[in-house]
Amino acid sequence: MKALVKAKSEVGLWMEDVPLPTVGINDVLIKVKRTAICGTDMHIYNWDEWAQKTIPVPMVVGHEFVGEIVEIGSNVNDFQIGQIVSGEGHVVCGRCRNCMAGRRHLCANTSGIGVNRSGAFAEYISLPMSNVWVHKEGTDLDVASLFDPFGNATHTALQWDLLGEDILITGAGPIGIMAAAVCKHAGARHVVITDVVDNRLQLAQRMGATHTVNVTREKIEDVAKTIGMHEGFDVGLEMSGNPVAFNDMINNMAHGGKISILGIPSSDTSIEWDKVIFNMLTLKGIYGREMYETWYKMSVMIDSGLDLNPIITHRLPVDKFQEGFDAMNDGSAAKVVLNWEL
Ligand code: NAD
Ligand code: ZN
């Protein structure tokens, strides 16, 4: 089968012929229809320091996808050939204390598809049945391919009560933008999002942000004042990984404010601890998606009208994958969806 492979320890990805994956008794084989490019794939493409120490070469990459079940293992009863599915990208052990307690997103032995094990940028992917999410009939395939990052946004946003609350999102990358859509859909009052790039902020506004702040020329506190906010934000979602943005957030929270942190700052990032302590802020790190409560909430939101289509800036046949990776690298893309049905 055809697959996009990290075949050499250098910048790039290569379309190669690789063997079909094996299908164990508890696995399903999925024929891939659409894939989307994630920031993680860009790290691997660009072969940065993290990728060099994490990715064994060769590796079939990618984890954002939707496809159709074409084969099931002999132990699999709950899935049928022909179902349209996505895969939860974290394969968990099922045996550690958290897994046994049903907290699989906290598994001590997580393995990532397209990172630690063979990925989804391929004609077929084999996954344990416990990693398969069946989409509702009629779900838009391009949207379905985004459930992994949409899940990051949903998991981060739905940590806290949002109804009627004022939300600050730092970072209008694809995940921050989707988080703005989730907050608005869940009944937040003001959804203020920050970035340093205007076209990302414009997209965020189309998707549900009520106000945008370009921090290169505006201050969050000034924008908050113009909309009648005086005590700070109730909820913060850190989606930039930028230490400056994180400190901006801490400085603009209401006393008792709650922050969930998805963005990954460098390990030497310092924050104003006195603000955290005297203002009694709650900070919570977020990893991946809850299996499968996050997936359930995502499906319901799509069903009840949340539209992710505006975030898809590029739809390309997979043969033009290079164009998609270039658009991600030059900052002109939000989400790139590659079509494998050729
Ligand atoms: P992205 O890099 O596309 O978006 C980050 C955005 O932050 C960019 O638009 C950038 O312009 C903006 N930014 C930079 N400096 C800023 C500043 N000072 N103030 C405000 N915004 C600023 O990333 P993404 O794909 O949307 O992902 C968001 C973050 O989440 C990344 O840090 C990513 O590594 C992380 N992530 C974490 C998990 C997890 O499980 N914890 C999963 C996926 C992604
Ligand atoms: Zn486990």
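In percent, rounded to a whole number, the relative contact order of the chain is 17, using alpha-carbon pairs under 8 Å and six or more apart. Which of rounded, prolate or oblate describes the stretch 84-159 when judged by the alpha-carbon gyration tensor and an a/c cut-off of 1.5? Oblate, because a/c is 1.5 or more while a/b does not exceed b/c. Net charge dipole, the stretch 14-58: roughly 240 debye, given to the nearest 20, about the Cα centre with Cβ charges of +1 for Lys and Arg and -1 for Asp and Glu.
For the listed residue pairs Lys184/Lys284; Lys2/Lys297; Lys31/Lys297; Lys8/Lys31; Lys275/Lys297; Lys53/Lys275, the alpha carbons are over 30 angstrom apart in Lys2/Lys297; Lys275/Lys297; Lys53/Lys275. Applying both filters, DSSP loop and at most 14 other Cβ atoms within 10 Å, to the trypsin sites (Lys or Arg not before Pro) of the stretch 98-164 gives Arg103, Lys136. Of the trypsin sites (Lys or Arg not before Pro) found in the stretch 202-310, the ones in coil according to DSSP and having at most 16 other Cβ atoms within 10 Å of their Cβ are Arg217, Lys219. Each stretch of four or more DSSP H residues adds -39500 (n - 2.57); spread over every residue of the chain, this sum gives -7500 deg cm²/dmol at 222 nm. Distant-in-sequence amide contacts of Val115, defined by a placed amide H-H separation under 5 Å and a gap of 5 or more residues or a different chain, comprise nothing. Only beta bridges with both residues in the chain are counted; by DSSP, about 55 percent of them are antiparallel. For the stretch 1-118, the square roots of the Cα gyration tensor eigenvalues, ordered a ≥ b ≥ c, give a/c of at least 1.5 with a/b no greater than b/c, which places it in the oblate category.
Once the Cα atoms are used to define both axes, helix 198-207 deviates from the longest principal axis of the chain by about 80 degrees.
For the stretch 27-84, state the semi-axes of the equivalent ellipsoid (square roots of 5 times the eigenvalues of the alpha-carbon gyration tensor), sorted largest first and rounded to whole angstrom.
On the way: eigenvalues 181, 35, 11 Å².
One finds semi-axes of 30, 13, 7 Å for the stretch 27-84.
Put Met100, Met15 in order of accessible area, highest first, and with a 1.4 Å probe you get Met100, Met15.
Binning all Cα-Cα separations of the stretch 182-280 at 5 Å, short to long from zero, yields these whole-percent fractions: 3, 12, 22, 26, 23, 10, 4, 0. Note on the chain: with charges restricted to the Cβ of Lys and Arg (+1) and Asp and Glu (-1), its dipole about the Cα centre is near 500 debye.
Over the stretch 1-65, the fraction of Cα-Cα pairs per 5 Å bin, rounded to whole percents and listed from the shortest bin up, is 4, 16, 26, 23, 18, 10, 4, 0. Each residue of the stretch 63-70 in order: what ³J(HN,Hα) in whole Hz does its phi give by Karplus 6.51 cos²θ - 1.76 cosθ + 1.60, θ = phi - 60°, with x for Gly and Pro? Using θ = phi - 60°, the values come out as 9, 9, 7, 9, x, 10, 5, 10 Hz. FRET efficiency for the pair Met15 and Lys284, taken as 1/(1 + (r/R0)^6) with r the Cβ-Cβ distance and R0 = 45 Å, rounds to 0.65. The longest part of the chain holding none of the exposed loop GluC sites (Glu not before Pro), meaning those outside H, G, I, E and B in DSSP with at most 11 other Cβ atoms within 10 Å, is 138-342.
Would you mind telling me which residue in Val60, Val143, Val276 has the biggest mean-square fluctuation in a Gaussian network model of the chain, where springs connect alpha carbons within a distance under 10 angstrom? Sorting by GNM fluctuation, first place goes to Val276.
Helix 174-185 and the longest principal axis of the C-alpha atoms of the chain enclose an angle of approximately 70°.
3J(HN,Hα) along the stretch 8-18: 9, 7, 7, 4, x, 9, 10, 7, 10, 8, 10 Hz, from the Karplus curve 6.51 cos²θ - 1.76 cosθ + 1.60 with θ = phi - 60°, whole Hz, x for Gly and Pro. Computed over the chain, the percent of Cα pairs more than 40 Å apart is 12. Oblate is the label for the stretch 226-298, because the ratio a/c of its alpha-carbon gyration tensor axes (a ≥ b ≥ c) is 1.5 or higher and a/b is not greater than b/c.
The values are calculated or read from the model by the stated rules, or taken from the named source; none is laboratory data. Predicted model only: the values in this text are computed from it and were never measured. All Cβ positions, glycine included, derive from the backbone under ideal geometry; neighbour counts span all protein chains shown. Each accessible area value is taken on the protein alone, full model and side chains, heavy atoms only, with ligands, DNA and RNA left out. Shrake-Rupley method; radii C 1.70, N 1.55, O 1.52, S 1.80 Å.
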